[in-house]
Amino acid sequence: MTFFTAIADIFKDSATYEIAIRFFAVLAFAAVGEWVAQKAGTMNISVEAMILGAAFSGAVGYDLTSSTIVGLLFAVGAGLIISAVQANMSYRLNINQFVTGLTLNVLVLALVGFLLASLKPVSKIATEWNIPLLSDIPVVGGALFGQAWPIYLLFPLVFVGWWLLYKTRWGLEARAAGENPASAKATAVPVLKRQRQAIYFCGIAAGLSGGYLLLGQV
């Protein structure tokens, strides 16, 4: 009974949910971008590189300006740059996408480790936003509605990803490129271009993931 009591205490502790939501958010930001990229028929495995590069760039941006917004912009920029390398190497130069992704993961890990030791940027967690009434809900209120403010960017990001894929011509063409690229090409859909653009979106989302990892947790 003591074991089950201890388990019950864990699930009644608000800190459990707060930690879970923080880790969930990091994965969720990146997952939205990867969802769009995979709908376009790409196998983008350089997400880890995008998140790590974004986290480091966000630290540099914050260290230079002491601004959370600038830090996030640096993070998104880094994610976009890495995604541009992945997209153009794989869907313009026709280099194997798995080789490109693995190489980027290793390269960025080594590069960030080297630059971190040299630059030693300093950052801090962004301001917490407590949404009135909702943050007062017992146990889960603080976890869902009392986090560092960058986490709330996840909600519009999910909507934008859904809207792009299912409510725009771009999304129709991207999904066609993923489901049947030969037929899409026959109807004048620029398949490789749509696939590159889907990876760019993934880079932006992964950049937000890395930015939140830094400014929302570390």
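The values are calculated or read from the model by the stated rules, or taken from the named source; none is laboratory data. Being a predicted model, the structure only gives us computed values, none of them experimental. We place every Cβ from the backbone using ideal geometry, glycine too, and count neighbours over all the protein chains shown. These accessible areas exclude ligands, DNA and RNA; they are computed on the full protein's heavy atoms, side chains included. Shrake-Rupley method; radii C 1.70, N 1.55, O 1.52, S 1.80 Å.
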Mean Cβ-within-10 Å packing, highest first, puts peptides 93-105, 64-76 in the order 64-76, 93-105
Report, to the nearest whole %, how much of the accessible area of the stretch 80-218 belongs to carbon and sulfur atoms, 1.4 Å probe, protein only. 71 percent
Let me have the 222 nm mean residue ellipticity of the chain computed from DSSP H runs of 4+ only, each contributing -39500 (n - 2.57), with the sum over all residues rounded to the nearest 500. -24500 deg cm²/dmol
Would you mind working out the magnitude of the charge dipole of the chain relative to its Cα centre, with +1 at each Lys and Arg C-beta and -1 at each Asp and Glu C-beta, to the nearest 20 Debye? 880 debye
Tally Lys/Arg at +1 and Asp/Glu at -1 over every other residue whose Cβ is under 15 Å from the Cβ of Ala55; what's the total? +1
Just tell me which lysines come within less than 22 Å, Cα to Cα, of Lys39; anything on the same chain fewer than 8 places away is out. Lys167, Lys185, Lys193
GNM on the chain, C-alpha springs below 10 Å: top fluctuator among Ala37, Ala182, Ala25? Ala182
Calculate, for the chain, the solvent-accessible area per residue in square angstrom, rolling a 1.4 angstrom probe over the heavy atoms of the protein chains. 53 Å²
Any chance you could give the angle, 0 to 90 degrees and rounded to 10, that helix 68-91 forms with the longest Cα principal axis of the chain? 30 degrees
Within the stretch 110-192, trypsin sites (Lys or Arg not before Pro) in DSSP loop having at most 16 other beta-carbon neighbours inside 10 Å: Lys124
Candidate residues Ile45, Ile151: accessible-area rank, largest first, probe 1.4 Å: Ile45, Ile151
Structure-derived Kirkwood radius over Cα pairs in Å: which label, when the choices are (1) 17.8; (2) 18.5; (3) 17.1: (2)
